[in-house]
Amino acid sequence: LPKVLRNGMIYNREGVLYCIQNGQETLFEKSPEWEFNFSKYMEQNQFENVDAISVLIGTNDIMKYGYDNAAAGIAATMDNLIAMIHSIRAYDKQIPIILNPPILPTNDAYAFGNNFGCRKSCKESRYVGFRYLQAFFEAWDNRAKDRIYLTPMNAVIDPVRAFRQDSFRDGLYYSTVSIRTGESIHPNAAGYAQMGDALAAVIQRLRIEQ
């Protein structure tokens, strides 16, 4: 749920939609039907003359899985991506689609703990993430003939310096300070710039090909 609920907000709780009206929670839809319709999305946002579609894939859908249910979870997540691509193709059969794979959690226990606490281990999350990337690249690599292109964001981002750095005093009797990676999911400004450079390279390739 949103941290702050305001009038007009609609949110999902256990498959039921609720709405805030006059500061009170009211039932909005008991049995909602969900769909991803890219044509409606473009129409509602009044987007026109679009040259390419860039899809940035996050980690929320895959990081909730663990060792025991990784295979089923990854398959479900891939099915959702396939449905999204089909919806984009229904809007435009030839428009280039750029897929940007997720950035995996850094291999730093402190940074991982800042994001996930004790809900799961860094090792388990990276296992699921690498399994997802394997399935992702097996499905979508070398698909230029289908006008589908990949941005290697996960390969170009610095796993240490592209994330927030925290400083710690080394101990009660020390004046020295140590630096640790303090964020395992969201890059800092330098990290986002690296992601942007990778995407820009793919867009430049499309410009040359067209």
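The values are calculated or read from the model by the stated rules, or taken from the named source; none is laboratory data. Just so we're clear, the structure is a prediction, and the values are computed from it rather than from any experiment. Because the Cβ atoms are built from the backbone with ideal geometry, glycine has one as well, and the counts that use them run over all protein chains shown. These accessible areas exclude ligands, DNA and RNA; they are computed on the full protein's heavy atoms, side chains included. Shrake-Rupley method; radii C 1.70, N 1.55, O 1.52, S 1.80 Å.
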Condition set modelled with pLDDT of 90 or more, touching a Pro at 6+ places or on another chain (Cβ under 8 Å) and assigned to a loop (DSSP other than H, G, I, E, B), scope region 43-88, selection nearest to Q134 (Cα to Cα): answer is I57
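When the residues of region 30-48 are filtered to those that are free of Cβ contacts under 8 Å to residues at least 40 places away in the same chain and open to solvent by less than 80 Å² (accessible area, probe 1.4 Å), which remaining residue is farthest from the chain's Cα centre (by Cα)?
Filtering region 30-48 for residues free of Cβ contacts under 8 Å to residues at least 40 places away in the same chain gives 30-35, 40-41, 43-48.
From what's left, open to solvent by less than 80 Å² (accessible area, probe 1.4 Å): 32, 45.
Numbers: P32: 24, N45: 21 Å.
Per the criteria, the residue is P32.
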Take residues that are open to solvent by 70 Å² or more (accessible area, probe 1.4 Å) and tell me which of the strands (runs of 3 or more DSSP E) falling wholly in region 130-210 contain 3 or more.
165-169, 177-181
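A quick yes/no check of all residues on (1) open to solvent by 90 Å² or more (accessible area, probe 1.4 Å); (2) of a type outside the set (F, W, Y); (3) touching a residue at least 60 places away in the same chain (Cβ under 8 Å):
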position	(1), (2), (3)
Q24	yes, yes, no
V50	no, yes, no
G58	no, yes, no
I62	no, yes, yes
G66	no, yes, yes
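Looking at L81, is it closer than 30 Å to R207 by Cβ and open to solvent by 30 Å² or more (accessible area, probe 1.4 Å)?
Details: closer than 30 Å to R207 by Cβ: yes; open to solvent by 30 Å² or more (accessible area, probe 1.4 Å): no.
Here the answer is no, as L81 does not meet what is asked.
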Does region 55-90 hold any residues that are under 16 Å from the mean Cα position of the chain (by Cα) and of a type in the set (D, E, K, R), and which are they?
D61, K64, D79
Among the aliphatic types (A, V, I, L, M), within 20 Å of H86 (Cβ to Cβ) and at pLDDT below 95: is that true of A144 in this structure?
yes
Residue among I98, I20, I103 that alone is within 30 Å of R126 (Cα to Cα), open to solvent by less than 70 Å² (accessible area, probe 1.4 Å) and outside any loop (DSSP other than H, G, I, E, B):
I98
